[in-house]
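Peer 1: What follows is a structure written as structure tokens; I'll ask about it next.
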Amino acid sequence: MGYKEEIESLRAELDLHNYKYYVLNLPEISDKDFDMLMHRLQQLESEHPDCYDPNSPTMRVGSDINKDFVQVEHEYPMLSLGNTYSISEVEEFYGRVSKSLDEDFEICCELKFDGTSISVIYENGNLLRAVTRGDGVKGDDVTDNVKTIRTIPLKVKGNYPQRFEMRGEVLMPWEVFEKLNAEREALEEPLFANPRNAASGTLKLQNSAEVASRGLDAYLYYMLGDDLPHDGHYENLQEARKWGFKISDAIRKCKSVDEIKEYIDYWDKERKNLPVATDGIVLKVNSTRQQNELGHTSKFPRWAIAYKFQAERESTRLVSVDFQVGRMGTVTPVANLEPVKLAGTIVRRATLHNNDFMTSLDLHYGDTVYVEKGGEIIPKIVSVDMEKRLPGSRKVEFIETCPVCGAKLVRYDNEVAYYCPNYMECPPQIKGRIEHFISRKAMNIDGLGPETIDLFYENGLINDVADLYSLKADEIAGLERFAERSAARVIKSIDDSKSVPYDRVIFAIGIRFVGETVAKKLARAFPSIDLLAAAGLQDLVSVDDIGERIAQSVVSFFHDMRNVNLIDRLRNAGLQMKMDVDTKKASDKLKGKTIVISGVFKKHSRDEYKKMIEDNGGKNAGSISSKTSFVLAGDNMGPSKLEKANALGVKIINEEEFLDMLGE
């Protein structure tokens, strides 16, 4: 047998064993034998690069080469689903469908897996591209990372369409999640909040070899394309199962509300025994023809709805209470509990939110408490079993001084939280501000995270955000987890951040109440940091959507000389402290106009059109009203928006007309 024949034979054999092990859960050979076959294939492919195949089984081990993600537009927009928490609303959904169709129909019921959405495109039987949901219109190309997920086939088998798309959920199984968090806890790294966050964070890692080590799983639940084998959604998924996809066995077709109720009741209990997280049931009209007839609103398809399970509740014992300090000085009480299994994971901590919330519970140490986990990052205590309170137990009191720096806590008028006022010297506030500064929507400094910020801080390399721009590669190359190459990448990313636009610099410096949107408005109203620093209260509140609370926070920030000195150091480091000429308001052509955007566009993205509107003096709005000047409409404009625009007599223009209006 020649090397080409051996390579093809090994690929086919490994694909088959992979499918039997990970999808069918019916392994035929030992892990050792599988690894030996994989090693032989890697050796042959290395010796014969002319036989390269992007969908070879060897691609599943990932690569150590870091890659930036590219934004890709979805061929079909990824819409969200309307949520309901009551059976009566499920009945209403069924009634609406029945009235609209006026013919027999089936509802396909399936589990709503709690992970991160993915779109995987196949062409000529090969995996072509995998894209995250993103904003529903565009997402990140994560193809290399998805190839490491062994339940997603690299090649399909059978009678499949020339091109089709599969959508599904990338998941981290409970067992893998617990193991990963145990490893992170041992390294004193921040724990993942839940499997959904862990899966999402893993899928966005830039090193696909690390992704491969995380053990992600995936269930596929939707097929799209121009040449699908069946009209029925259920039937298409059964075909996909034959082609090699992992399709949930829990999927079922129902012909009445009673059958749907039986399905919901069964899985509300049985889901606790599943190896992955679920948070509800998805109901879909089965026929694709009927789906198209029902259509969708501007946000949701009319042919589908998600029924969300009620949050699970368990009882356990309160052991102690910690008090955590956030980047803005907010002090949050967190309960330490006797471990209890809740929603598939072991819970040891629960948030108490603030002093008022904690007081309302009348907590005592040793109390038996009821804990819920309904989508929160940290579970919360919802009540106390007073009958089990221990005689003489001590009441939990809110602290009076910062648990880290010892400063006396303050509580501002009309606020529920207590704050540590030691803004510049309290370690968790310092590190929290730096973490915010480097984040993606702020300065977007890659290669840094909470762990590395803590490492740099503890080694005396940084004490504020300006210190980042004084770091040298040789200073960090010797630290734990840093080699020369990774240190050089961090320094380059810090240097690259000097070109981040002025509005994001305003957001990054962490003025209280100034989020991403407010920062953009301030940048346009005060196109240099000096103008912003000199602005008085009335100057600020005159800006659209800037209230007195935000204005006072901005004034207070720039009245503190420590902040003024920090801004000067950042300016000297080379950060953008004024708006570029190119990014100033392009014109006043849209001044006084309120514009709603709807649909999918060909020449620019929705975000780009929103920026054009702002650059030319206009205002973006999310919904149509009598004050709407016109609707900028692309393909697949939402039916409800179209109906409302026509009813109110609001003008609708396409993107060519809009660009002509701006002279582009």
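The values are calculated or read from the model by the stated rules, or taken from the named source; none is laboratory data. Model, not experiment: these values are computed from the prediction. All Cβ positions, glycine included, derive from the backbone under ideal geometry; neighbour counts span all protein chains shown. The area values use the complete protein model at the heavy-atom level, side chains included, leaving out ligands, DNA and RNA. Shrake-Rupley method; radii C 1.70, N 1.55, O 1.52, S 1.80 Å.
Peer 1: For region 583-623, what number results from the quotient of the Cα radius of gyration and 2.2 N^0.38 Å?
Peer 2: Here the Cα radius of gyration is 1.12 times the empirical estimate.
Peer 1: Output the relative contact order of the chain, whole-number percent, from Cα pairs under 8 angstrom with separation of 6+ residues.
Peer 2: Working: 1139 pairs, mean separation 61.1, N = 664.
This gives 9 percent for the chain.
Peer 1: For a test of the definition: using alpha carbon positions, the gyration tensor, and the 1.5 limit on a/c, classify region 236-360 as rounded, prolate or oblate. Numbers along the way, then the final one.
Peer 2: Details: a/c = 2.70, a/b = 2.08, b/c = 1.30.
The shape class here is prolate.
Peer 1: Another question, if that's okay. Can you give the helix-only mean residue ellipticity at 222 nm for the chain, where every DSSP H stretch with n ≥ 4 adds -39500 (n - 2.57) and the sum goes over all residues, rounded to the nearest 500 deg cm²/dmol? Mind dumping the intermediate values first?
Peer 2: Values: 24 runs with 238 residues, N = 664.
Theoretical 222 nm ellipticity from helices: -10500 deg cm²/dmol.
Peer 1: Once a ≥ b ≥ c are taken as the square roots of the eigenvalues of the Cα gyration tensor of region 223-303, is the result rounded (a/c under 1.5), prolate (a/b larger than b/c) or oblate (a/b not larger than b/c)?
Peer 2: Note, shape of region 223-303 comes out oblate.
Peer 1: Here is a further query. Rolling a 1.4 Å sphere over the protein heavy atoms, what is the accessible area per residue of the chain, to the nearest Å²? Before the final figure, lay out the partial values.
Peer 2: Working: 32870 Å² over 664 residues.
Value for the chain: 49 Å² per residue.
Peer 1: Around residue 138, which amide H atoms from residues at least 5 apart in sequence, or from another chain, sit under 5 Å from its own amide H, with H modelled in the peptide plane?
Peer 2: Distant-sequence amide H within range of residue 138: 74.
Peer 1: Taking the mean number of other Cβ atoms within 10 Å as a proxy for protection, how do you rank 380-393, 548-561 from highest to lowest? Before the final figure, lay out the partial values.
Peer 2: Numbers: 380-393: 12.5, 548-561: 15.1.
For the peptides 380-393, 548-561, the packing ranking is 548-561, 380-393.
Peer 1: If you don't mind, there's one more thing I want to ask. Taking only pairs that are 8 or more places apart or on different chains, how many Lys pairs in region 392-529 have Cα atoms under 16 angstrom apart? Intermediate values should be presented prior to the final figure.
Peer 2: Details: 441/498; 441/520; 441/521; 472/492; 472/498.
Close lysine pairs found across region 392-529: 5.
Peer 1: If r is the Cβ-Cβ distance from residue 646 to residue 472 and R0 is 45 Å, what FRET efficiency results, to the nearest 0.05? Let's see the in-between values first.
Peer 2: On the way: r = 63 Å, r/R0 = 1.40.
Using R0 = 45 Å, I get an efficiency of 0.10.
Peer 1: Right, another one. Looking at region 542-664, send over the antiparallel percent of its DSSP beta bridges, to the nearest 5.
Peer 2: Beta bridges within region 542-664, antiparallel portion: roughly 10 percent.
Peer 1: Taking Cβ-Cβ under 4.7 Å as the only way to count a partner, pick out the unpartnered cysteines of the chain.
Peer 2: Unpaired cysteines in the chain: 51, 108, 109, 254.
Peer 1: How would you order 533-539, 11-17 from highest to lowest mean count of nearby Cβ atoms within 10 Å?
Peer 2: Descending mean neighbour count gives 11-17, 533-539.
Peer 1: Something else about it: Calculate one ³J(HN,Hα) per residue across region 590-598 by plugging θ = phi - 60° into the Karplus curve 6.51 cos²θ - 1.76 cosθ + 1.60, and present them in order as whole Hz with x for glycine and proline.
Peer 2: Each residue's phi maps through the Karplus curve to give 10, 4, x, 9, 10, 10, 10, 9, 8 Hz.
Peer 1: Find the relative contact order for region 544-637 and round it to a whole percent, using C-alpha pairs within less than 8 Å whose residues are 6+ positions apart.
Peer 2: Values: 94 pairs, mean separation 27.6, N = 94.
Taking the mean separation of contacting Cα pairs over the length of region 544-637, I get 29 percent.
Peer 1: Lys and Arg at +1, Asp and Glu at -1: add these up for the other residues within a Cβ distance under 15 Å of residue 538 and post the number.
Peer 2: Values: positive: 549; negative: 539, 544, 548.
Surrounding charge for residue 538 is -2.
Peer 1: Using 7 Å Cα-to-Cβ label points, what is the residue 33/residue 98 separation (nm, one decimal)?
Peer 2: That separation, rounded to one decimal, is 5.5 nm.
Peer 1: Counting alpha carbon pairs within less than 8 Å and at least 6 residues apart, what relative contact order, in whole percent, applies to region 591-664? Display every interim value, and only then the final one.
Peer 2: Numbers: 107 pairs, mean separation 26.5, N = 74.
Relative contact order for region 591-664 comes out at 36 percent.
Peer 1: Something else: Scan (i) 67, 33, 24; (ii) 45, 32, 25; (iii) 41, 34, 32 for the value of semi-axes √(5λ) of the Cα gyration tensor in Å calculated from this model and give just the label.
Peer 2: Looking at semi-axes √(5λ) of the Cα gyration tensor in Å for this model, the match is (iii).
Peer 1: Oh, and also: What does the charge count near residue 259 come to, summing +1 for each Lys or Arg and -1 for each Asp or Glu among other residues with Cβ under 9 Å from its Cβ?
Peer 2: +2
Peer 1: If you add up the charges near residue 196, with Lys and Arg at +1 and Asp and Glu at -1, over every other residue whose beta carbon is less than 11 angstrom from its beta carbon, what do you get? Kindly include the intermediate steps, with their values, before the conclusion.
Peer 2: Values: positive: none; negative: 114, 169, 279.
Neighbour charge sum, excluding residue 196 itself: -3.
Peer 1: Let me ask something else. Using only the Cα atoms of region 489-635, build the gyration tensor, take square roots of its eigenvalues as a ≥ b ≥ c, and label the shape rounded, prolate or oblate: rounded if a/c is under 1.5, else prolate if a/b is larger than b/c, else oblate.
Peer 2: Working: a/c = 2.43, a/b = 1.48, b/c = 1.65.
Cα axes put region 489-635 in the oblate bin.
Peer 1: Show me, for region 314-326, the HN-Hα J-couplings you get by feeding each phi into the Karplus relation (A = 6.51, B = -1.76, C = 1.60, θ = phi - 60°), rounded to Hz, glycine and proline as x.
Peer 2: Karplus values, whole Hz, x for Gly and Pro: 9, 9, 7, 10, 7, 9, 7, 10, 9, 10, 9, 10, x.
Peer 1: Could you give the length gained by full extension between residue 12 and residue 269, i.e. 0.36 nm per residue of separation minus their alpha carbon distance, to one decimal place?
Peer 2: Numbers: separation 257, 0.36 × 257 = 92.52 nm, distance 4.02 nm.
Taking 0.36 nm per residue and subtracting the Cα distance, the gain is 88.5 nm.
Peer 1: Subtract the Cα-Cα distance of residue 485 and residue 625 from 0.36 nm times their separation in residues, and report this length gain in nm to one decimal. The partial results should precede the final answer.
Peer 2: Details: separation 140, 0.36 × 140 = 50.40 nm, distance 5.49 nm.
Gain on extension, residue 485 to residue 625, equals 44.9 nm.
Peer 1: A further question follows. Write down the percent of antiparallel bridges among all DSSP beta bridges whose residues are both part of the chain, to the nearest 5.
Peer 2: DSSP beta bridges in the chain are roughly 85 percent antiparallel.
Peer 1: Follow-up question, since we're still on this one. Of all accessible surface on the chain at a 1.4 Å probe, what whole percent is carbon and sulfur?
Peer 2: Values: 15640 of 32870 Å².
With neighbouring chains kept in place, the figure for the chain is 48 percent.
Peer 1: Working out 0.36 nm times the residue gap between residue 591 and residue 552, then minus their Cα-Cα distance, what length gain in nm do you get to one decimal? Could you put the intermediate results ahead of the total?
Peer 2: Numbers: separation 39, 0.36 × 39 = 14.04 nm, distance 2.76 nm.
Net length gain for the segment: 11.3 nm.
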